[in-house]
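Report on the structure given below.
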Amino acid sequence: MDCIVGILCWFAGCCGAFAFAFNLFPQFIWALRNKKTGLTYGFFALALVGNIGSSIYVFWTNLQTGVWQWPLYANYGTATGFTLALLYLRIKYGK
């Protein structure tokens with residue numbers, strides 16, 4: 001029973017990480033089509049600090065516990081990638 005609960009929790013973590021990481025994808029597509037982002041530089045700064053800081057924390061706790069949380073790495077890596085891509089579009093298209 002514990003194994004099934006663990007698998008279900010892992011699956012829930014993967015689904016949550018995927019949804020959280022790709023929540024910027026619709027904004028990215030909209031920005032490409034409309035050639036504007038409507039997002040402030042403060043958004044980008046906080047998103048990058050949040051994703052990178054959280055990644056560092058997860059990595060450190062994983063080193064301490066020996067439990068590697070791959071869904072979180074996928075989440076923070078994908079979200080950071082989309083944030084950087086949107087930042088590029090924000091700079092490219094201006095206001």
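The values are calculated or read from the model by the stated rules, or taken from the named source; none is laboratory data. Keep in mind the model is a prediction, meaning the values are calculated, not measured. A quick note on method: Cβ atoms are made from the backbone with ideal geometry, for glycine too, and the neighbour counts reach across all protein chains shown. Side chains are part of the model used for accessible areas, which takes the heavy atoms of the whole protein and leaves out ligands, DNA and RNA. Shrake-Rupley method; radii C 1.70, N 1.55, O 1.52, S 1.80 Å.
Report in % the part of the accessible area of the chain that belongs to carbon and sulfur, leaving out ligands and nucleic acids; probe 1.4 Å.
For the chain, the apolar C and S fraction of the accessible surface comes to 74 percent.
Can you tell me what the convex hull of the Cα atoms of the chain projects to on average, as an area in nm²?
The Cα convex hull of the chain, projected and averaged over all directions, gives 6.6 nm².
If packing is taken as the average count of other Cβ atoms within 10 Å, what order do 16-22, 59-65 fall into, highest mean first? Please list the in-between numbers first.
Numbers: 16-22: 15.7, 59-65: 11.3.
Final packing ranking: 16-22, 59-65.
If you fit an axis through the alpha-carbon atoms of helix 25-34 and take the longest principal axis of the Cα set of the chain, what angle between them do you get, 0 to 90°, nearest 10?
Helix 25-34 sits roughly 10 degrees off the main axis of the chain.
Any chance you could give the angle, 0 to 90 degrees and rounded to 10, that helix 41-65 forms with the longest Cα principal axis of the chain?
Between helix and principal axis, roughly 20 degrees.
At what distance in angstrom do the alpha carbon centres of the stretch 38-95 and the stretch 2-30 lie from each other?
15
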